[in-house]
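Student: Here it is, the structure in full.
The values are calculated or read from the model by the stated rules, or taken from the named source; none is laboratory data. All of these numbers come straight from a predicted model, not from anything done at the bench. Please note: Cβ atoms are built from the backbone with ideal geometry, for glycine as well, and neighbour counts cover all protein chains shown.
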């Protein structure tokens, strides 16, 4: 996998997006609809916030060094999970690290005051798959474009070996960020 393919894919994520989300809990068979406004800025590999984030993690992983950062994203998100819920605002930064010869790579993501997460990514047939381990299982997310201004995302959250929740998002680009 050519690292430029990954960089090009992440560049296409930049812009202002409106997201409609439906989450389904298999445990209690309930569904919840939500909306988000996202502003995604593409960050080049030389952006100091990316190497700063990696340095703040210390020596927790030898794989996280500024020499293999290929790009990043800054995501400003305002979400409302239901009509009665208060909006939730957060900013996160994603550092995308170069893929190995099999096309697999790591993404380090900061979530403000929450602990950073590390996900494994793979891009195949223009579908990005992210797998994030959690304390009780994992989250697998897939993201692809149906059109340059329409992207789709699915998530499957597992607890142990059991699927706990699923999520589907359709996201419409409202404009390209400056």
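Student: Do any residues in the stretch 46-71 that are within 19 Å of residue 91 (Cα to Cα) have Cβ atoms under 7 Å from those of residues that are part of a loop (DSSP other than H, G, I, E, B) and at pLDDT below 90, where the two are at least six apart or on different chains, and which pairs are they?
Tutor: 54/64; 54/65; 57/64
Student: OK, next. Tell me which residues, restricted to the stretch 99-122, are crowded, with 17+ Cβ neighbours inside 10 Å and part of a loop (DSSP other than H, G, I, E, B).
Tutor: Across the stretch 99-122, the qualifying residue is only 99.
Student: Can you pull out every residue in the stretch 154-176 that is closer than 25 Å to residue 37 by Cβ, more than 15 Å from the chain's Cα centre (by Cα) and surrounded by 15 or more Cβ atoms within 10 Å (Cβ to Cβ)?
Tutor: 165, 166, 173, listed by residue number.
Student: Does residue 79 qualify as being at pLDDT 95 or above, assigned to a strand (DSSP E or B) and more than 13 Å from the chain's Cα centre (by Cα)?
Tutor: no
Student: Okay, moving on. What residue, of 74, 151, 80, is closer than 16 Å to residue 38 by Cα, crowded, with 17+ Cβ neighbours inside 10 Å and out of contact with any helix residue (DSSP H, G or I) (no Cβ under 8 Å at 6 or more places or on another chain)?
Tutor: 151
Student: Of all residues in the stretch 91-122, count the ones that are within 23 Å of residue 78 (Cβ to Cβ) and either free of Cβ contacts under 8 Å to residues at least 12 places away in the same chain or over 14 Å from the mean Cα position of the chain (by Cα) (or both).
Tutor: Summing the residues that are within 23 Å of residue 78 (Cβ to Cβ) and either free of Cβ contacts under 8 Å to residues at least 12 places away in the same chain or over 14 Å from the mean Cα position of the chain (by Cα) (or both) in the stretch 91-122 gives 4.
Student: I would also like to ask the following. For the stretch 12-45, how many residues are in a loop (DSSP other than H, G, I, E, B) and in contact (Cβ under 8 Å) with a residue 60 or more places away in the chain?
Tutor: Going through the stretch 12-45 one residue at a time, the tally reaches 5.
Student: Restricting the search to the stretch 123-142, which residues are touching a residue at least 60 places away in the same chain (Cβ under 8 Å) and surrounded by 15 or more Cβ atoms within 10 Å (Cβ to Cβ)? Break it down stepwise before answering.
Tutor: Let us first name the residues in the stretch 123-142 that are touching a residue at least 60 places away in the same chain (Cβ under 8 Å), namely 123, 126, 128.
Hits for the stretch 123-142 are 123, 128.
Student: Still on this model: Checking the conditions here, which among 19, 31 is under 30 Å from residue 164 (Cβ atoms), surrounded by 13 or more Cβ atoms within 10 Å (Cβ to Cβ) and in contact with a strand residue (DSSP E or B) (Cβ under 8 Å, 6 or more places away or on another chain)?
Tutor: 19
Student: Now, a different point. Scan 61, 66 and give me the residue that is in contact with a helix residue (DSSP H, G or I) (Cβ under 8 Å, 6 or more places away or on another chain), surrounded by 12 or more Cβ atoms within 10 Å (Cβ to Cβ) and at pLDDT below 85.
Tutor: None of the others qualify; the one that does is 66.
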